[in-house]
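Report on the structure given below.
The values are calculated or read from the model by the stated rules, or taken from the named source; none is laboratory data. Quantities reported herein were computed from a predicted structural model and do not represent experimental measurements. We place every Cβ from the backbone using ideal geometry, glycine too, and count neighbours over all the protein chains shown.
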Amino acid sequence: MNLVESLLHALKDHGARQIFGIPGDFALPYFRIIEQSRILPLYTLSHEPAVGFAADAASRAQQGLGVAAVTYGAGALNMVNAVAAAYAEKSPLVVLSGGPGKGESRSGLLLHHQAKTLDSQFQMFREITCDQVRLDDAARAPADIARVLASALRNSEPVYIEIPRDMVDQPCAPVLRAADPAPDGAALDACVEEILARLASARSPVLMAGVEVRRYGLEDKVAMLSRRLGLPVVTSFMGRGLLAEHDAPLVGTYMGVAGLPEITHLVEESDALFLLGEIVCDTNFAVSETKIDLRKAIQALDGRVTLGYHVYPQLPLAALVDALLARVADSEKPFAVTRPVYPHGMKADDATIAPTDIATAVNDLMAAHGKMPIAADMGDCLFTAMEIEHTALVAPGYYATMGYGVPAGLGLQAATGQRPLILVGDGAFQMTGWELGNCRRYGWDPIVLLFNNASWEMLRTFQPESGFNDLGEWGYADMAAGMGGDGMRVSTRAELKAALDKAMATRGRFQLIEVMIPRGVLSATLQRFVAGVKRLSAAK
């Protein structure tokens, strides 16, 4: 077995199911082995940011490692933004990069693709990954690979593996999976005791499920825990889509001033807010109507638990959930759940289309045909997703990068085999929408709803005087046929319904529905968000 084969078997053993990539000269040797060995399927896309986004979404969907394979310099550095997003949002993404051979650095010549030094790329990725290795020693490689992949899974964060191009065929031993360190049992018992005491004495405890619950595959257990404790459950904006297929007392999504008042008050008035795997960031909490006192919260994130001024380090989330379940009786406490009401019954008439009409039409579609997983980009398309019935969702809710939606939808279909619904604005589509041209090679057939108001409309809501928000008319639906799909442009609610019905009935080709939205028309959720942010800003 050579070094790359050993690496590929290790990736598969650690939960990777496919590789997304773009080759280049420094990467050609290891891409040859990926293709010939068929240890993991390889999907090549057109631009490195999309490779990173697709691998990130696959990781989120399958709750395992995502793998993005690129070349040195021009490839890897082109993917920095996508890897930074995965780091911020805690996706265990493995970056594979080709690299100069060991002898090339001694040639005395500057090598193409290098930046400041041959090591510049490695140093850049130190900032946005939790572990890194250059596989320049075949004898040491199995231990290095085991360490790095264990770091990715333990921290649920990206890692970086650089493969010098003259090392790929070196003989290499198999990788033995590293054992996870056991948590301190006494500390875990004390932590569980304190959490349960805090919840028992609280007037209005609430459990907020965060992204780590999905990353560590804990949704079933967290749903069971919430039922046994009798706690109402919410997700944050970033955690939307969690527990969609699980029997939890889920009451909705907390969005502060942009959300439903009853959920906002439930969270902000809680005297024991249990933040389980929840990233405490501005996206989730900066729009709180009443500032949340985190000293009264229970925070379990990044392998530690914080209760007020007490900190329990090195307690993995999975171990905490298991210990809580072991302490809580099997009987479940009844809890009356008032679930949010989502819009249904779009009137198929000649009225122009608003984003909330799109949400209503999607709810009607899923009511008739079953739920679909959603990949959403940043902008009003993501706020519109908040008005769609609770279903599996991947989106850049915290890092908030544009261009995520289309490649993420491709990653979703590759990882799950399910047909996804992609929500994307025209600005984001201009960045990565052309990746749809790769669908016919792999049999992917997503349904794409392209919100077209010829504008960066979300930016305009905060700075309406700027002309640079205008994007012009591109005619996206007309381009679909050349990329191997079907395109439809719709301007009325009747046309939208007909296009969705046709798209749902057509398999084997991607379906692009270009939805023309009048400028200045926002989803109801984004309207509340903008109004709330302006109100909070004025109060400061």
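Taking segment 211-248 as the search range and keeping residues that are of a type in the set (A, V, I, L, M, F, W, C) and out of contact with any helix residue (DSSP H, G or I) (no Cβ under 8 Å at 6 or more places or on another chain), which one is surrounded by the most Cβ atoms within 10 Å (Cβ to Cβ)? Show your work before the answer.
Here is the first cut: in segment 211-248, the residues of a type in the set (A, V, I, L, M, F, W, C) are 211, 213, 218, 222-225, 229, 231, 233-234, 237-238, 242-244, 248.
Going one step further and asking which of them are out of contact with any helix residue (DSSP H, G or I) (no Cβ under 8 Å at 6 or more places or on another chain), we end up with 211, 223, 244.
On the way: Val211: 26, Ala223: 21, Ala244: 18.
Here the residue is Val211.
Can Leu250 be described as within 19 Å of Gly217 (Cβ to Cβ) and modelled with pLDDT under 90? Give the steps one after another, and end with the answer.
Numbers: within 19 Å of Gly217 (Cβ to Cβ): yes; modelled with pLDDT under 90: yes.
When the stated conditions are applied, Leu250 passes them.
Name every residue in segment 370-394 that is part of a loop (DSSP other than H, G, I, E, B) and either within 12 Å of the chain's Cα centre (by Cα) or on the phi < 0 side of the Ramachandran plot (or both), in order of residue number. Quick ask: steps written out before the conclusion?
First, the residues of segment 370-394 that are part of a loop (DSSP other than H, G, I, E, B): 370-373, 377-379, 386-392.
Result: Lys371, Met372, Pro373, Asp377, Met378, Met386, Glu387, Ile388, Glu389, His390, Thr391, Ala392.
Looking at (1) out of contact with any Cys (no Cβ under 6 Å at 6 or more places or on another chain); (2) part of a helix (DSSP H, G or I), which is the only condition Ser151 fails?
(1)
Picking from Gly397, Gly411, Gly403, which residue would you name as being touching a helix residue (DSSP H, G or I) at 6+ places or on another chain (Cβ under 9 Å) and in a helix (DSSP H, G or I)? Write out each step before concluding.
Numbers: Gly397 fails: in a helix (DSSP H, G or I); Gly403 fails: in a helix (DSSP H, G or I).
So the residue among Gly397, Gly411, Gly403 that is touching a helix residue (DSSP H, G or I) at 6+ places or on another chain (Cβ under 9 Å) and in a helix (DSSP H, G or I) is Gly411.
Could you check segment 193-206 and list, in sequence order, the residues that are out of contact with any Pro (no Cβ under 9 Å at 6 or more places or on another chain) and closer than 11 Å to Leu307 by Cα?
Selection gives Glu194, Ile195.
With the requirement that a residue be touching a His at 6+ places or on another chain (Cβ under 9 Å) and surrounded by fewer than 17 Cβ atoms within 10 Å (Cβ to Cβ), what does segment 191-210 give you?
Let us first name the residues in segment 191-210 that are touching a His at 6+ places or on another chain (Cβ under 9 Å), namely 191, 194.
Correct list: Glu194 only.
For Val321, indicate whether it is at pLDDT 80 or above, in the same structural domain as Leu260 (by TED's automatic domain parsing) and within 21 Å of Val234 (Cα to Cα).
In short, yes.
Do we find a residue being farther than 25 Å from Ile279 by Cβ, of a type in the set (Lys, Arg), touching a residue at least 12 places away in the same chain (Cβ under 8 Å) and surrounded by fewer than 21 Cβ atoms within 10 Å (Cβ to Cβ) anywhere in segment 296-317? So that I can check it myself, show each step before the final result.
Going through segment 296-317, the residues farther than 25 Å from Ile279 by Cβ turn out to be none.
There is no residue in segment 296-317 that is farther than 25 Å from Ile279 by Cβ, of a type in the set (Lys, Arg), touching a residue at least 12 places away in the same chain (Cβ under 8 Å) and surrounded by fewer than 21 Cβ atoms within 10 Å (Cβ to Cβ).
Looking only at residues in segment 28-71 that are modelled with pLDDT under 95 and assigned to a loop (DSSP other than H, G, I, E, B), which one is surrounded by the most Cβ atoms within 10 Å (Cβ to Cβ)?
Gly64
Quick test of your reading of the structure: Glu514 fulfils all but one of (1) among the acidic types (Asp, Glu); (2) more than 21 Å from Met346 (Cα to Cα); (3) buried (at least 18 other Cβ atoms within 10 Å of the Cβ). Name the failing condition by number.
The failed condition is (2).
Would you point out which residue out of Ala494, Ala503, Ala477, Ala499 is in a helix (DSSP H, G or I), surrounded by fewer than 17 Cβ atoms within 10 Å (Cβ to Cβ) and of a type in the set (A, V, I, L, M)? First the steps, then the outcome.
Details: Ala503 fails: surrounded by fewer than 17 Cβ atoms within 10 Å (Cβ to Cβ); Ala477 fails: surrounded by fewer than 17 Cβ atoms within 10 Å (Cβ to Cβ); Ala499 fails: surrounded by fewer than 17 Cβ atoms within 10 Å (Cβ to Cβ).
None of the others qualify; the one that does is Ala494.
Checking Asp136 against (1) touching a strand residue (DSSP E or B) at 6+ places or on another chain (Cβ under 6 Å); (2) in a loop (DSSP other than H, G, I, E, B); (3) crowded, with 19+ Cβ neighbours inside 10 Å, only one condition comes out false. Which one?
(3)
Return only the number of the condition from (1) surrounded by fewer than 22 Cβ atoms within 10 Å (Cβ to Cβ); (2) at pLDDT 95 or above; (3) touching a Lys or Arg at 6+ places or on another chain (Cβ under 7 Å) that Asn469 does not satisfy.
(2)
What tally of residues in segment 306-320 results from selecting those that are assigned to a loop (DSSP other than H, G, I, E, B) and closer than 11 Å to Val192 by Cβ?
Initial filter on segment 306-320 (assigned to a loop (DSSP other than H, G, I, E, B)): 308-309, 313-316.
Among the residues that remain, those that are also closer than 11 Å to Val192 by Cβ are: 315.
Total satisfying the criteria: 1.
Of the conditions (1) under 24 Å from Gly437 (Cβ atoms); (2) buried (at least 24 other Cβ atoms within 10 Å of the Cβ); (3) in contact with a strand residue (DSSP E or B) (Cβ under 8 Å, 6 or more places away or on another chain), Ala85 fails just one. Which one is it?
(3)
Return the only residue of Thr384, Thr432, Thr416 being surrounded by 20 or more Cβ atoms within 10 Å (Cβ to Cβ) and out of contact with any strand residue (DSSP E or B) (no Cβ under 8 Å at 6 or more places or on another chain). Walk me through how you get there before you give the answer.
Numbers: Thr384 fails: out of contact with any strand residue (DSSP E or B) (no Cβ under 8 Å at 6 or more places or on another chain); Thr416 fails: surrounded by 20 or more Cβ atoms within 10 Å (Cβ to Cβ).
Answer to the check: Thr432.
Answer yes or no as to whether Val251 is under 22 Å from Leu188 (Cα atoms), touching a Lys or Arg at 6+ places or on another chain (Cβ under 7 Å) and either crowded, with 18+ Cβ neighbours inside 10 Å or touching a residue at least 24 places away in the same chain (Cβ under 8 Å) (or both). I'd like the intermediate steps shown before the answer.
Details: under 22 Å from Leu188 (Cα atoms): no; touching a Lys or Arg at 6+ places or on another chain (Cβ under 7 Å): yes; either crowded, with 18+ Cβ neighbours inside 10 Å or touching a residue at least 24 places away in the same chain (Cβ under 8 Å) (or both): yes.
So Val251 does not fit the description; no.
One line per residue, one yes/no per condition, for (1) farther than 30 Å from Ala88 by Cβ; (2) of a type in the set (Val, Ile, Thr); (3) in the same structural domain as Leu65 (by TED's automatic domain parsing):
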position	(1), (2), (3)
Gly103	yes, no, yes
His113	no, no, yes
Thr117	no, yes, yes
Phe125	no, no, yes
Val133	no, yes, yes
Ala141	no, no, yes
Ala146	no, no, yes
Ala150	no, no, yes
Pro158	no, no, yes
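Matching residues to (1) within 18 Å of the chain's Cα centre (by Cα); (2) among the hydrophobic types (A, V, I, L, M, F, W, C); (3) on the phi > 0 side of the Ramachandran plot; (4) in the same structural domain as His47 (by TED's automatic domain parsing):
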{"residue": "Met402", "(1), (2), (3), (4)": "yes, yes, no, no"}
{"residue": "Gly417", "(1), (2), (3), (4)": "yes, no, yes, no"}
{"residue": "Tyr442", "(1), (2), (3), (4)": "no, no, no, no"}
{"residue": "Asn452", "(1), (2), (3), (4)": "no, no, no, no"}
{"residue": "Ser455", "(1), (2), (3), (4)": "no, no, no, no"}
{"residue": "Gly467", "(1), (2), (3), (4)": "no, no, no, no"}
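Name the single residue that is surrounded by the most Cβ atoms within 10 Å (Cβ to Cβ) among those in segment 106-133 being out of contact with any Asp or Glu (no Cβ under 8 Å at 6 or more places or on another chain) and part of a helix (DSSP H, G or I).
The extreme case among them is Phe125.
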